[in-house]
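Chemist: Structure in structure tokens, see below.
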Amino acid sequence: MAALGKVYLVGAGPGAADLITVRGARLLAEADVVLYDALVTPEMLALCEQADKISVGKRSGQRSMAQTVINEQLVECARKYARIVRLKGGDPMLFGRADEELRALEAEGIEIEIVPGITTAVAAAAATRQPLTKRGVARSVAFFTSSTAPDHPEHPALPETDTMVQYMGGREAAATAERLLAQGRRPGLPVIAVENCSRPDQRVLRLTLADLAKGLAAGPDAAGGPVLVMIGEALARREHQPEDPAPGA
């Protein structure tokens, strides 16, 4: 039997090419083939010009490649190439469907290494200069998504935490706000929505929980980019805080 290649699950970070880790960038430069997500930018792919590139992107609400097909492609690539990079937006172990891919690779005895990346919540907090925790105000944070696997029931329950961060929150954030208001959370609770975090077209919208319940059609979600929504008292703008800086400024 021919030797199998090694698969690296690499976190691309939130979007900006220079926010990938040094290890991740090195592996891209050494890769024989790169299977990349829909949110990976052309600037990121420029780091692996020597590699064959396979788009395996998945976007919520859009027609995309089935996860089972992605798993099969990873296994097939391990039989054909020596060094395979599976490039995932953010961190591969958070909302990245890593479990399915790990199971498929492990079942075939394929060697795997995981390289973490900067998850979007941390990048959004940095971009807006808004810590997710604050002494005396917020000492817990929860990352969650309303998206579920096909044929699985929705999970309307919300995490019990001081600061909530909703990934893929463009369409679902209004429903989240309605549930929080129904639970008695105050209408003026601070909310920050960030679209295309860390990229040149990044947009930041500051609003309240009551505003969010009306939807994001006129805000970041209008351009169709990935949206992350942060909710909590810690997100209140500081008294002398400057305006949100542009990415890379």
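The values are calculated or read from the model by the stated rules, or taken from the named source; none is laboratory data. Just so we're clear, the structure is a prediction, and the values are computed from it rather than from any experiment. Cβ atoms come from the backbone with ideal geometry, glycine included; neighbour counts cover every protein chain shown. Note: accessible area is taken over every heavy atom of the protein model, side chains too, but ligands, DNA and RNA are not part of it. Shrake-Rupley method; radii C 1.70, N 1.55, O 1.52, S 1.80 Å.
Chemist: Per residue, what accessible area does the chain have, given a 1.4 Å probe and all protein chains present, in Å²?
Modeler: About 51 Å² of surface per residue is accessible.
Chemist: Can you give the Rg and Dmax of the chain based on its C-alpha atoms, in angstrom?
Modeler: Both quantities, over Cα of the chain: 19.2, 66 Å.
Chemist: Of T120, A138, F95, whose Cα points farthest to the positive end of the dipole of segment 89-139 (charges on the beta-carbon: +1 Lys, Arg; -1 Asp, Glu; origin at the Cα centre)?
Modeler: A138
Chemist: Ignoring ligands, DNA and RNA, please state the percent of accessible area on the chain from carbon and sulfur, probe 1.4 Å.
Modeler: Roughly 52 percent, rounded to a whole number.
Chemist: So, one more: What does the net charge come to around Y81 if you take all other residues with beta carbon closer than 10 Å to its beta carbon, with K and R at +1 and D and E at -1?
Modeler: Neighbourhood net charge equals +1.
Chemist: Less than 11 Å Cβ to Cβ from Q241, Lys/Arg counted +1 and Asp/Glu -1: what total charge do the surrounding residues give?
Modeler: Every neighbour counted, the sum reads +1.
Chemist: Which percentage, to the nearest 5, of the DSSP beta bridges contained in the chain is antiparallel?
Modeler: 40
Chemist: Order the peptides 125-131, 177-183, 163-169 from the highest to the lowest mean number of other Cβ atoms within 10 Å of their residues.
Modeler: Peptide ranking by packing, descending: 163-169, 125-131, 177-183.
Chemist: Net charge near V191: determine it from the other residues with C-beta under 9 Å of the C-beta of V191, scoring Lys and Arg +1 and Asp and Glu -1.
Modeler: 0
Chemist: Ranked highest first by average number of other Cβ atoms within 10 Å, how do 36-44, 108-116 line up?
Modeler: Highest to lowest by the protection proxy: 36-44, 108-116.
Chemist: Once the dipole of the chain is set up with Lys and Arg at +1 and Asp and Glu at -1 on Cβ about the Cα centre, which of I20, I231, L105 lies farthest towards its positive end?
Modeler: I231
Chemist: Counting only helical runs of four or more DSSP H residues, what would the 222 nm mean residue ellipticity of the chain come to if each run contributes -39,500 (n - 2.57) and the total is spread over all its residues?
Modeler: When only DSSP H runs of four or more count, the value is -6500 deg cm²/dmol.
Chemist: Can I ask one more? In whole Å, what three semi-axes, largest first, describe the equivalent ellipsoid of segment 48-127 built from its Cα gyration tensor (square root of 5 times each eigenvalue)?
Modeler: Equivalent-ellipsoid dimensions as semi-axes: 23, 15, 14 Å.
Chemist: Which one, A66, Y36, C77, projects farthest toward the positive side of the charge dipole computed for segment 1-107 from Cβ point charges (K/R +1, D/E -1)?
Modeler: Value: A66.
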